[in-house]
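A.B. asks: For reference, the structure I am asking about is given below.
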Amino acid sequence: MKNDSLFDVLVIGSGAAGLATALAAAPRRVAVLTPGATAAGDGASRWAQGGIAAAMAADDSPQLHAEDTLTAGAGLNDPLAVAQLTAAAPAAIDWLQTLGARFDRAGEVLTLGREAAHRRARIVHAQGDATGAEVMRALAVAATARSDLTLALGRTAFALARDAAGRVIGAWVQGPDGSELWRARAVVLASGGYAGLYRHTTNPPGSDGSGIALALAAGAALADLEFVQFHPTALAPGADAHGQLPLLTEALRGAGAVLLDARGKRFMPVLHAEAELAPRDVVARAVWCETQRGGAWLDACEAVGASFPQRFPTVFAACMARGLDPRTQPVPVVPAAHYCMGGVRTDAACATSLPGLYAVGEAACSGVHGANRLASNSLLEGLALGRALGAALASRSLPEPGAALPVQRRWQPLSAAQRARLGDLLWRDAAVQRSDDGLARAEAALAQLAAEVPTASSGRDVLALTATMLAAMRARRRSIGAHFRVDTDAVAAA
Ligand SMILES: Cc1cc2nc3c(=O)[nH]c(=O)nc-3n(C[C@H](O)[C@H](O)[C@H](O)COP(=O)(O)OP(=O)(O)OC[C@H]3O[C@@H](n4cnc5c(N)ncnc54)[C@H](O)[C@@H]3O)c2cc1C
């Protein structure tokens, strides 16, 4: 594994999107970079609970799935990209099963869950609420078994390498022995999103946008950064500290769990016809408002009760670890930053605006999610588009890269204290509800922070990404989807 090797494809990130791309690119020579210590990576994929959306039932169709996706996205989606995604979903599930993924079944038939804003039960899941862990297990086993695939563990990309013609020809990488150049004929950014930057988040710390930031630093076009999805139900105990909060999967509400206010009354039925199964942004805002008034609780006692440990083992363990028994008591919840609809802009072939650079998964903005992602469409996006991209790269002739220009960046991530300041300013003024005054305050605090971070460093690139996101939030003055402005006329969100 020499750092001066030339690969056909260099994949940055080993989540569901990165590994799906790498596996499908066979028999090309592929390298996958990951900061983690295992092939399953340390991104969001292995944390996914609810599952993968796919029209597998007799009463369902890719067309219906596409319609639900467009409705959730408030019409800002690219309809062709959505049709491509939902049509590819059943085959993606079949592919995962051929790799050895074990999904929950009743006999021979997959058991399908239902989540908010889906008109059909179409959520394929594993071990109740451990879908991401099972998907990543299967992908990692398959990737590790492949001799044409180099898994480069403990390595973080901090800059894209370009040749004199401006083509992306690899990445500068921080590894165990310092900085290295990894060269390839095609580079795929599969580095996940940036929801982990917020103070309260369901994401692991590695979801810090560092991959999108290095694409921005190289001049790639980004899109839709203002659309950050907040999950309505993260477990509240621990929310006074920074970091990842346990998620209470939406499938709980799909199973009948209800939301209660501080007086123990349901508050969703008066707000939306679908009550607790209203679109995520609607529920997140309602929970946000209740937390300002005294708190919000998720009550699954009647709907799930004694079957909790079998049906939702991950959530059950997280609650019990905090001294809460969800079989018998409502548990306190807060909204938390969960998913980024925006990212590096890509076309139908996952190509970015930079020659030689592709993007896939949460790092990309492919147009499938619009202003709001439909639940369980993101693992699907990484898997389905990753497979399509890998297959396309495998069948195409890839150009010889030129010599790399000298790197203009150095590896220096934000310190823990700087990251905490960033998380606070985002949570205070750029979270569930936004206003121009608040966003201006966030920009000023960000500028102060940036003045303390060296220029041309990887940490500064993440701050530049944040500045671009805040500017996008300010520029979009009307509320739509996950972007909610309290200071302008609100458009009814989907
Ligand atoms: C708690 C939780 C529950 C969820 N539940 C669901 C669900 O039920 N269904 C669903 O569809 N979606 C769900 N999601 C969202 C979904 O998990 C993610 O959107 C999806 O897994 C993203 O996959 P990805 O491969 O694009 O990114 P990730 O899985 O985040 O992988 C990114 C990879 O890139 C690596 N990386 C990052 N930066 C760099 C860098 N600079 N250099 C090199 N490598 C880098 C990371 O370490 C990681 O390996 C959930 C998310 C969370 C956090």
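The values are calculated or read from the model by the stated rules, or taken from the named source; none is laboratory data. Predicted, not measured: the structure shown is a model, and the values here were computed from it. Counting neighbours? That spans all protein chains shown, and the Cβs are built from the backbone with ideal geometry, glycine included. Heavy atoms of the whole protein, side chains included, go into the accessibility calculation; ligands, DNA and RNA do not. Shrake-Rupley method; radii C 1.70, N 1.55, O 1.52, S 1.80 Å.
A.B. asks: Which pairs do you get when a residue that is on the phi < 0 side of the Ramachandran plot, found in the range 342-361, comes within reach of a residue that is within 16 Å of the ligand (Cβ to nearest atom) and among the basic types (Lys, Arg), reach meaning Cβ atoms under 9 angstrom, with the pair 6+ apart or on two chains?
C.D. replies: 352/345; 353/345; 359/345
A.B. asks: I've got another one for you. For the range 13-55, how many residues meet the condition of being assigned to a strand (DSSP E or B) and either open to solvent by 10 Å² or more (accessible area, probe 1.4 Å) or of a type in the set (Gly, Ala, Ser) (or both)? Steps first, answer last, please.
C.D. replies: Residues of the range 13-55 assigned to a strand (DSSP E or B): 30-33, 52-53.
Adding the requirement that they be either open to solvent by 10 Å² or more (accessible area, probe 1.4 Å) or of a type in the set (Gly, Ala, Ser) (or both) leaves 31, 53.
Number satisfying all stated conditions: 2.
A.B. asks: Enumerate the pairs (first residue in the range 186-208 and aromatic (Phe, Trp, Tyr) and near the ligand (Cβ under 6 Å from one of its atoms); second residue anywhere and open to solvent by less than 10 Å² (accessible area, probe 1.4 Å) and at pLDDT 95 or above) with beta-carbon separation below 8 Å, excluding pairs fewer than 6 apart on the same chain, so at least 6 apart or on different chains.
C.D. replies: That search, which allows pairs on different chains as well, returns nothing.
A.B. asks: Right, next: Scan the range 11-60 for residues that are within 8 Å of the ligand (Cβ to nearest atom), among the β-branched types (Val, Ile, Thr) and in contact with a strand residue (DSSP E or B) (Cβ under 6 Å, 6 or more places away or on another chain) and jot them down.
C.D. replies: 12, 52 - these are the residues of the range 11-60 that are within 8 Å of the ligand (Cβ to nearest atom), among the β-branched types (Val, Ile, Thr) and in contact with a strand residue (DSSP E or B) (Cβ under 6 Å, 6 or more places away or on another chain).
A.B. asks: Quick one: how many residues across the range 78-121 are within 14 Å of residue 135 (Cβ to Cβ) and of a type in the set (Lys, Arg)?
C.D. replies: Residues that pass the stated criteria total 1.
A.B. asks: Separate question: Residues being within 30 Å of residue 311 (Cβ to Cβ) and of a type outside the set (D, E, K, R): count how many of those fall in the range 21-52. Don't jump to the end; show me each part of the working.
C.D. replies: Restricting attention to the range 21-52, the residues satisfying the condition of being within 30 Å of residue 311 (Cβ to Cβ) are 36, 38-52.
From the residues that got through so far, the ones that are of a type outside the set (D, E, K, R) too are 36, 38-41, 43-45, 47-52.
Number of matching residues: 14.
A.B. asks: When you scan the range 378-424, how many residues do you find that are in a helix (DSSP H, G or I) and either surrounded by 21 or more Cβ atoms within 10 Å (Cβ to Cβ) or within 16 Å of the ligand (Cβ to nearest atom) (or both)? Give the steps one after another, and end with the answer.
C.D. replies: Here is the first cut: in the range 378-424, the ones in a helix (DSSP H, G or I) are 378-395, 416-424.
Among the residues that remain, those that are also either surrounded by 21 or more Cβ atoms within 10 Å (Cβ to Cβ) or within 16 Å of the ligand (Cβ to nearest atom) (or both) are: 378-390, 393, 419, 422-423.
Residues flagged as in a helix (DSSP H, G or I) and either surrounded by 21 or more Cβ atoms within 10 Å (Cβ to Cβ) or within 16 Å of the ligand (Cβ to nearest atom) (or both) within the range 378-424 amount to 17.
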